[in-house]
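Accompanying notes for the structure given below.
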Amino acid sequence: MKKQEEVDDLIFFVNGKKIVEKNAEPEMSLLTYLRRKLGLTGAKLGCGEGGCGACTVMVSRYFPHRQRITHFSVNACLAPVCSLHLSAVTTVEGIGSVARKLHPVQERIALAHGSQCGFCTPGMVMSMYALLRNNPTPDMTHIEDAFQGNLCRCTGYRPILEGYKTFTKEGGCCGGGGREGGCCLANGNTADVTSAPLFHRSEFLPFDPTQEVIYPPELMALSRAGSPGPLRFLGERVEWLQPSSLDQLLLLKNTNPLAKVVVGNTEVGIEVKFKNMLYPVILAPSFIPELQAIEYTEKGIVFGAACTLTCVGEELKRVVSTSPIHQTQVFQAVLEQLRWFAGLQIRNVAAVGGNIMTASPISDLNPVLQAAGCTLTLASTGGRREVQMDETFFQGYRKTAVRPQEILLSVTIPYSTEWQFVSAFKQSPRKEDDISIVTTAMSVTFTPGTCIVKEMKLSYGGMGPTTVLAKDTSSKLAGRHWGEELLEVACSSLAAEMTLDPSAPGGMVTYRRTLTLSLFYKFYLIVLQKLAQKGVSIEKLGSDCLSATDLYHTVTPTSIQVYQDVPEGQQREDVVGRPVMHLSALKQATGEAVYCDDIPLYENELYVALVTSSKAHARILSIDKSEAERMPGVVACVFAEDIPGSNATGPAVLDETVLAHDKVTCVGHIIGAVVADSQVHAQRAARAVNITYQDITPLIITIQDAIAAQSFYQPIRTLQRGALEEGFQMADHILEGEVHVGGQEHFYLESQVTLAVPRGEDGEMELFVSTQSTAKTQSLVAMALGVPANRVVVRVKRMGGGFGGKESRSTILSTVVAVCAQKLQRPVRCMLDRDEDMVVTGGRHPFYAKYKVGFQKSGKVLALDVNYYSNAGNSMDLSLSIMERALFHMENSYFIPHIRGRGFLCKTHLPSNTAFRGFGGPQGMMCTESWMNDVALELGLPAEQVRRVNLYQQGQQTPYNQVLDQPTLDRCWTECLKRSNYHQRLTALHQYNRQNRWTKRGLAIIPTKFGISFTALFLNQAGALVHIYTDGSVLLTHGGTEMGQGLHTKMVQVASRVLGVTSSKVHVSETSTSTVPNTSPTAASASSDLNGAANACEILRKRLEPYRTENPKGSWEDWVKAAYFNRVNLSANGFYKTPDLGYDFETNSGRPFNYFSYGVACSEVEVDCLTGSHKNLHTTIVMDVGHSLNPAIDIGQVEGGFLQGLGLFTLEELRYSPQGLLYSRGPGTYKIPSFGDIPSQLVVSLLRDAPNDKAIYSSKAVGEPPLFLAASVFFALKDAVVRSRVQTGLSGPCRLDSPATPERVRLACQDRFTALCPPAKPGTFQPWDVQV
C-alpha cells in the first residue's frame, strides 16, 4: 500500500464531465460533493439515511469480470464520494433541462401532474431514468420496484405512476379513448364518466432509448486497463484504504483489526451520522474479484460477501426459474425477503456480507440464512475457515463469531432437499422499505413419504438482541406428525420460549410474541398444503383457512378522475377551470427549481448547528463551550446572552424563548447554536458543548399525566347548545366511551431551512426562509434583533412542502439564524437534518376524547357530551385555535340537537405541537365517527344507515348556531354510494368473509364537513401587488406562499382571466414582505379565496378599459403602451377581507366560517387477522370543491390529502420514551405512506354543478377538507376487526385507537394465539414507549 504521506487522486465522471479530486474526503457524501463542490443542487437532502429517495442519482460502472456496464440508482446521501472511483454519475441536471431539452422522464411526470412541491421529483425522475437505462420497456412491477425507496408527501403517488405507466409495454391510460382489451373506465364501477383526461399522451415527447448519454469512453478505457491498484484517501479524521487484491485486504485487516469494511455504506453511514460513531480506518474492497464472485457447488450457490443484494436477487431468480422447485425452497425464501428489503437504491449497493456482519437483531435475511444452515467462509492472513450460521454465530447484540482480523469472504446458500419446506415471513408497519417488527424463517424436513418431522429450524428476528433459533420448540416437534396436536405443542412451546421483557427495546412486546405464533401458524398451513400436493395423508384443511397462506402480491392500482369541464364557449386563452400543469413542475422535474438551500453559497458564509436539550424538564446548571470553541472551523458559540433584542418569542403568545436561558421544558429545546465554516464542523462542535442539568419534577409527557396533574393552559373552551340533560332523558340508549388519536409528523420533504444575510447598515437583514408565514417570521426576527420590522425582509420562492409545519414553527430556527448572522455580520445558513427537525419542531396534536352520547332506537342521535384533551406541548403556539376548530367540528356532518364540547389544552414537556393540515378538525371528527360507529354496533344497525339518518339537511344549525346554506352532503353521499357500487360491494364482502377465517374485509362510508376561514377573525385578509411592464408582461405578487399546493398557478389563472391576457404573460417571482406587508399565513385552506380576491388586477383592468374601448382591434401590448404614454399608473395594490365573519364563544353567536367544503368517501380493505396488516382495496371519493379553478391541482390536493390522512389514521406513529425522548426520528423509524399504500382502485370525483357564491369564480377551498376522508379506511379496518371478533364470540362496540397500526388491529382480532400471549399488567414494569 501507499506510504503514510501519499494520497491518490479520486477520478470519476459527473454528467459526462471528468472530475479529478486531489483531496477526497472519506467522510463526505456524494450528495454534499454534488451540491457544495459542483453546484449541482438537483439532488435533494430529504433524510440523510437513504429512506426517502430525494437524493437519488444514477451510477454507471464497467465491471471487467462481467464485461458489461451496469447502471443503478443510488442514494447520494449515503454514498461516500471516495467509493465512486472510476464510476460515472448522472444527476437530474445531466439528462435534460427546460433551457436545453427535456428528457421524456422529466416531461411526463410534470405533464401528468406528478409534481406538487417538487422536492421529491428529481429523485423520482432519476429512479425512473435508471430503470429505463436497464430496461427500456418495463412493466408496472418493474416501476413499482424502482420506486420502493422513494417517498412523496404531496401527490398521493397516483399521478406519478400514471405518468410513468406510459413507458410500459401496457402503456398509460387511454383517457376514455378506447383500447383493445377494454378501457379501465368501463369496469362497471363508475357512472357517467365523461371528463376529459387530466393529461394527453399525444403531447408527450417520444422516448428513444438509443439517444441516451453514452458511457464516457475515457472511463471505459481506464476501467478496462484492469484494477486501479490500491488507493488511499486521507481526510480530516478518517483514512480510506481501497485494496486491489484479497491479499492486500487481509494484510490491512490484520494491521487494522478494528477497521470497518465498507461496500455500500448503508449501515456504517447511518452509524457515523446518527450514532456519532467514528471509524478512523475504512477498508473498501469493492474492486476485489473474489468478493464479487458467484460459484456453484454441489451444496449450493456461493456468493462473494461483496455481492450486492440486487445481484444476489437476480442470480437467485434465474436459478429458481430453471431448477426443480424442491431444490430452490431456500432461494425462494431469500427472494421473498428481498422483495421487501429496504428500497432499490439500498439493495443496489448493500452487500450480502454486510447484512450478515451487521448482525442486526431485526435483519430480514439472517433468519433465512440461519434456518437454512448457511455456511460462511472467513479469511485472514492466517488462512481460511468455515463456520455455520447456527445458534453460536450471533454472540450478542451486533456481535458475531468472526474474529477482529478476519473478513467474511463468502456465504454458501444451500439447495433444499426434496422433503424440505422453507418459508420466510416479515412483519413491519409498512410493506415497502420498512424495518421488521418480527421476521422469521422456518424450515422443516420430513421423513420421505410421510408427515413425520425429521428436523425443524425456526429462526426469529426481533425477539431479542440477536437473531435467535427456537431450539426447544424445534426439538419438541421432531418425530411428531404434522397436524393439530403438533400445532398445539408448537404454539404453547413458542409462547414459553419466545419471551420478551415487558420493557424490551422496540416495545410492542405482546404483538411481537403473538406474531411468533401467528407466523408459525401460517407456516403450518403452507406445509399442510404442500404435503397434500405431494400425496401425503394429512388432517383435512378447511378451505376458509387457505387465504392465510397467500403471499402478499402488489396490485397495480387503477384510477379514475371525474371533474366538470369548462362550459362550452369559454375562450381558449381563459384557463380558469382547466387542468393546467403546476407552473414550476417542469423546473422541478429538471432540478432547476431553486429551493432555499439551493441558493449558491455566499462568500464568507457560515453554517449554524443547534445545541438542544437532552432533558425534558430540567434546570440548566452550566454550559461548557470550551471544547466546541477549540474544534476546527468554529467561529462562534451563541447563547441567550448574545441576543441583542428580546429573547421572548411565540406566534400567538410570547411564552417561548429564542434560546433557553435557565431551564429547558422539552427534549429538543434549543439552548444555543454553534457557527462554523461548514455544516459538518458546526454539527461536530455542537455535540461537544457540555451542558449540566438538574431534573425538575413533575415530568409531564402524556395527556394522562397532564390530566392527573391538572396541567392545562387557559382558557378551557366550552361550546354548548340545547338542553343536554333533557336530551339524555329523551334517549333510548346512552353510550359512554373514549378514544385516542395519535399525533403526526409533518414530514415535509424539505426540512426547516433559513439563510440570513446582514445588509451591513441600519440593522437591515434579508432572510430566505422556507416558511408559510413571512410576516410572522419578519416580526419575530425583528423582535429578536431589536430592530423595527422595516429593517427585515423575508423572501420565499417556494417550499418543499409545509402542511402547517412551517406556519409557526419555522420561526424557532429563523430567529436563531438571524441572531447569529447579526452577531457575526456574515451570511449564515442552517438546514435542519431530518432527525433534528423531527425532534425540535413538534407536529399534529395528539388528542384524547371522552364522550357520552344519547340516541334513539332508530340510530338518531339526540345528545352528545364530549371532552377533548390535546397534548399542546411546552408552549401555547397555535393550540387554542386548533382546539377551537376541533370543537367547531365535534359533530362532523351530523345534526345533534343537544350538544356540549369542552376543550382542554394539556401543558406537557414535549416540543410544542402545532398546525397540521386540518388544524384540529380531523381529531375532532375522528372522535365523532368513533362514537357514531359504536352507536351502530350497539344497535346492531348498519353503520351507513345510522350515519345517513343523522346527516345535516338544508337550513339546520350547527352547534355554534351557523345556518347551513346549500349543504351538498346528501348529493356527495348519494353519488359516492353509486360510484363505489356500495351495496354490491357489501354483498360480495359478506360472501368473502363467510368463506375466509383469517382474512376479513371491511367497508365504510364517511362524510366530512369542513369550515373555511381562519377562526381568528383578523387573519381573514389578503393583499396583492401587480405591475404591468411596458412590454406587456405582468408581475404578480400576493401574500400567499407556494408549498406545492399550486397557489401561484391558480393566481396566474385568475389574473389571466381578469386582465384578459394569456397566462404566459403573467409571472409570479416570489413572496416577500417588501412587496405585500402584514400577510396572513398561507394556511386554513383559504389562500386561493383570500389572495385571489385581492382586487389588484381588477383595478388595472379598469384603468386599461378606456384604451381597449378606444382601440378594440389593438393588442394587449398596444393598450399597455397607450396607457403608459398617457401617464396611467400600471401598478396596483389590491386588498380583500372576508365579509360577515366573527364569532364569540361567550355568547355562542356569529359566523366563524364563510362557507363549508363537503365530501364523502367509501373505502374497502382486506385485513390479515393473523398479522394485522391490510390491503387498501378500493376508495371512492366525492368532493365538493365548487367550480374548480384547476381540476388537476384540486384532484391532486384531494388525493394527496387523502393519503396523508391514510398515514395519520393507519400508519404513522410517533413513539416517545417515558422521559420524553422521540424515538421515531426519520424514515427508518417513522413511516409515511408509500406507493404500495394507494388503494388498488381509486375513484375521485369532483361534484358537478355545485357553485359557491362566497369565493373566487365559484370555487371552494380544497387543501385540508379531503384529509379526514381517509377515516373511511380506518373505519373499514374497524369493520373488518369487528367481523373477525364475531368468529371468536365477541360482539358490540370495541375500542380501536388511531392510528390503526398492524399491532392494534392484530391485538383487537382476539383468538387462540393472542390468548397465549397476555400482556404484562400495567404498573408492574417501565414501558419502553408511552402513548402521548
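Please give the peptides 899-905, 933-939 ranked by average Cβ packing (other Cβ atoms within 10 Å per residue), highest first, as a rough proxy for protection.
Put in order of decreasing packing, that is 899-905, 933-939.
Run through all the Cα pairs of region 1112-1223 and give the fraction in each 5 Å bin from 0, expressed as whole percent.
2, 7, 9, 9, 9, 10, 11, 11, 10, 7, 5, 4, 3, 2, 1, 0
By how many nm would the segment from Ser614 to Ser503 grow when fully extended, if each residue of separation counts as 0.36 nm and the alpha-carbon distance is taken off?
37.8 nm
Once phi is turned into ³J(HN,Hα) by the Karplus curve 6.51 cos²θ - 1.76 cosθ + 1.60 with θ = phi - 60°, what whole-Hz value does each residue of region 1023-1040 show in order, with x for glycine and proline?
Per-residue couplings from phi come out as x, 8, 9, 10, 10, 10, 8, 5, 7, x, 6, 10, 10, 10, 10, 9, x, x Hz.
Suppose a student asked you for the relative contact order of region 992-1133, using Cα pairs under 8 Å spaced at least 6 residues apart; what percent would you report?
30 percent
Let me have the 222 nm mean residue ellipticity of the chain computed from DSSP H runs of 4+ only, each contributing -39500 (n - 2.57), with the sum over all residues rounded to the nearest 500.
-8500 deg cm²/dmol
What lysines sit close enough to Lys1260 to cross-link, taking a C-alpha to C-alpha distance under 30 Å and skipping anything fewer than 8 places away on the same chain?
Filter leaves Lys587, Lys776, Lys797, Lys806, Lys978, Lys1009, Lys1050, Lys1065, Lys1102, Lys1137.
Scan around Val438 for amide H atoms under 5 Å from its own, H built in the peptide plane at 1.01 Å from N, and keep only partners 5 or more places away or cross-chain.
Excluding prolines and chain starts, which carry no amide H, the hits are Gln427.
Given a cut-off of under 8 Å on Cα pairs at least six residues apart, what relative contact order in percent is computed for region 490-610?
13 percent
Hey, with R₀ at 30 Å, roughly what FRET efficiency would Tyr1029 and Thr1109 work out to, going by the Cβ-Cβ distance, to 0.05?
Here the calculated transfer efficiency is 0.85.
Along each of its three principal axes, how wide is the spread of alpha-carbon positions in region 664-760, in whole angstrom units, largest first?
So the extents along the principal axes, rounded to whole Å, are 72, 36, 27.
With N residues in region 942-1053, what two-decimal value do you get for its Cα radius of gyration over 2.2 N^0.38 Å?
Region 942-1053 yields a ratio of 1.75.
Return the long-range amide H neighbours of Tyr1155 (sequence gap of 5 or more, or a different chain), with a cut-off of under 5 Å between placed amide H atoms.
Excluding prolines and chain starts, which carry no amide H, the hits are Ile1012.
Could you calculate the contour length gain from Gln995 to Asn1126, that is, 0.36 nm times the residue separation minus the distance between their Cα atoms, to one decimal place in nm?
39.0 nm
Taking only the alpha carbons of the chain, what extent do you get along each of the three principal axes, in Å, biggest first?
92, 79, 73 Å, listed from the longest principal axis down.
Going by average Cβ density within 10 Å per residue, which order do the peptides 796-805, 489-498, 1144-1153 take, highest to lowest?
Answer by packing, highest mean first, reads 796-805, 489-498, 1144-1153.
Determine, for each peptide in 235-241, 81-87, 763-769, the mean count of other beta carbons within 10 angstrom over its residues, then list the peptides with the highest first.
81-87, 763-769, 235-241
Take the solvent-accessible surface of the protein heavy atoms, probe 1.4 Å, and return the percent of it on the chain that carbon and sulfur atoms account for.
Carbon with sulfur: 51 percent of the solvent-accessible area.
Determine ³J(HN,Hα), in whole Hz, for all residues of region 594-609 in sequence, where each value follows from phi through the Karplus function 6.51 cos²θ - 1.76 cosθ + 1.60 and θ = phi - 60°; x replaces Gly and Pro.
Rounded to whole hertz, the list is 9, 9, 3, 7, 7, 4, x, 4, 6, 5, 6, 5, 10, 10, 9, 10.
Compute the projected area of the convex hull of the Cα atoms of region 1235-1326, averaged over all viewing directions, and report it in nm² to one decimal place.
For region 1235-1326, averaging the hull's shadow over all directions gives 11.2 nm².
Using Cα centres only, tell me the gap between region 236-277 and region 811-868 in whole Å.
Cα centroid of region 236-277 versus Cα centroid of region 811-868: 41 Å apart.
Relative to the compact globular guide of 2.2 N^0.38 Å, what is the alpha carbon radius of gyration of region 343-471, as a ratio?
So region 343-471 has a normalised radius of gyration of 1.11.
Mind listing the phi-derived Karplus ³J(HN,Hα) values for region 645-654, rounded to whole Hz, using 6.51, -1.76 and 1.60 with θ = phi - 60°, and x for any glycine or proline?
With the stated coefficients, region 645-654 comes to x, 8, 8, 7, 8, x, x, 10, 10, 7 Hz.
Any idea what the relative contact order of the chain is, in percent, if you count C-alpha pairs under 8 Å spaced at least 6 apart?
Over the chain, the number comes to 11 percent.
Put one equal scatterer on each alpha carbon of region 246-313, apply the Debye formula with no solvent term, and list log10 I(q)/I(0) at q = 0.19, 0.21, 0.29 1/Å to two decimals.
Taken in order of the listed q values, log10 I(q)/I(0) reads -0.85, -0.96, -1.23.
The values are calculated or read from the model by the stated rules, or taken from the named source; none is laboratory data. All values derive from a computational prediction rather than experimental measurement. A quick note on method: Cβ atoms are made from the backbone with ideal geometry, for glycine too, and the neighbour counts reach across all protein chains shown. The accessibility values were calculated without ligands, DNA or RNA, using every heavy atom of the protein model including side chains. Shrake-Rupley method; radii C 1.70, N 1.55, O 1.52, S 1.80 Å.
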